[in-house]
1. So residue A:207 ticks every box in (1) away from chain B (no Cβ under 11 Å); (2) under 18 Å from the mean Cα position of the chain (by Cα); (3) buried (at least 23 other Cβ atoms within 10 Å of the Cβ) but one. Which box is left unticked?
2. Please work out which one of (1) touching a helix residue (DSSP H, G or I) at 6+ places or on another chain (Cβ under 8 Å); (2) in a loop (DSSP other than H, G, I, E, B) is the condition residue A:124 fails and give its number.
3. Would you confirm whether or not segment B:115-130 contains a residue that is under 28 Å from residue A:30 (Cβ atoms) and touching a helix residue (DSSP H, G or I) at 6+ places or on another chain (Cβ under 8 Å)?
4. If we only count helices (runs of 4 or more DSSP H) wholly inside segment B:21-117, which ones have 2 or more residues that are assigned by TED's automatic domain parsing to the domain that holds residue B:147 and touching a strand residue (DSSP E or B) at 6+ places or on another chain (Cβ under 8 Å)?
5. On the basis of being more than 10 Å from every other protein chain (Cβ to nearest Cβ), in contact with a helix residue (DSSP H, G or I) (Cβ under 8 Å, 6 or more places away or on another chain) and at negative phi, does residue B:213 make the cut?
6. Being at pLDDT 90 or above and not in a strand (DSSP E or B) is the filter; apply it to segment B:1-17 and report the residue that is farthest from the other protein chains (Cβ to nearest Cβ).
7. Considering only segment A:68-82, state which residues are over 19 Å from residue A:41 (Cβ atoms) and modelled with pLDDT of 95 or more.
8. Go through (1) crowded, with 20+ Cβ neighbours inside 10 Å; (2) in contact (Cβ under 8 Å) with a residue 60 or more places away in the chain; (3) out of contact with any strand residue (DSSP E or B) (no Cβ under 7 Å at 6 or more places or on another chain) and name the single condition residue A:40 misses.
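The values are calculated or read from the model by the stated rules, or taken from the named source; none is laboratory data. Since the structure is predicted, the reported quantities are computational estimates derived from the model, not experimental observations. Don't worry about glycine lacking a Cβ; one is built from the backbone with ideal geometry, like all the others, and counts go over all protein chains shown.
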């Protein structure tokens, strides 16, 4: 084992894998990388398992020092980044040498970046996952002075220099594909049209649990008997606004579930800054 | 009563079955029986099935599984042939201290209900509760079966924080906060019992369908049980002879 020292944690950085699905019946949230697509991409470029733990970096990035050699790859939001004072880019595997320093500077596009290291960050697995969540994992986010375990690896065994051209559509695309939610049909036809023809903007209160949308959407529906909800469920609140449930959401809820965002759409929202606009686009599934 | 649920595709990786049921333990029993039937149907498949009051959520680990086929299959199924399980669930007795230091809203509730505090405690401990499901927080029990006389809405202004173990009332449900948390429920007591242990493969001792009764303990007993739990000498066991 070797260590990575956290010199600066950044605004909000957490360790995430693809989450813990198998404990939702105990009321445990799924969690996992907000933009699962970018997290997986970073892992695959290092020949990692797609579920290996990565560092999710939100809005402002960390400063990290590596105790030993490894390989890294960054995907998702585009930051200005320096590895030992040399500029590096997303979507490429880099060899990091002993005592290397990785500095994230200003963010250029998107909202969340994913840093993968060879074989993943080795924080303890709790209930089948390393995704940090309050009350489940010991720590809930990176702090200054933290030390993260990684495996000591031979950097020749990895994928050094591997690179892919990344479409990264989730960084700039604002059209969010959705299915009907369970209560969609209870909306009036007028409202069903309205929700698909309104530009909604993300409010700054948004976090890993939920992102409220600013534009009001009048609510004439009753609450529902508390029922299952999922990451990507769009709820309509009694005060007449929409909330997008994200990865750390509760497993049940009592507000009408109007839309269900597709995985790709959830990744797109994860890359939007507060204030940015999105629109919902209904997709039909193949009912063959 | 219509046994056939609404069967809805819920996103890429889930099917929702939702019954137009009243919240009763018989209906829960039917839903759990059907869950068992599905568990057998899905055997060896990468699937999780969760229940709530009137729903089952079938969640697929992977979006490339045969969700379309399953959806058509479920829609053609004759639900009246589902055999109810016999006697599912365990019985547990859970200690609760109703002293006013814990029962923050007991006096308020007593005034609202024109009851004595003692009568509220007696009603709350006399009832047989059914665990419908866990949600809201890891290990939070949604318990039905509370007497209508105790039903009361959530607080208009939720508390910023309450103690781990707080026992609350919301409408006709009662529940226990497994951790310190912001809380909108009316708080009437506190249980020293651990409801969630993240280090166990089965992090909660309970399952949907379990039957639960509360018994009153003093503040001193609450402290003793808390100590026993810290020492690992307190075991919440199912009551086989109940």
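1. (3)
2. Unmet condition: (1).
3. There is at least one residue in segment B:115-130 that is under 28 Å from residue A:30 (Cβ atoms) and touching a helix residue (DSSP H, G or I) at 6+ places or on another chain (Cβ under 8 Å).
4. B:106-113
5. yes
6. B:4
7. Result: A:80, A:82.
8. Every listed condition holds for residue A:40 apart from (2).
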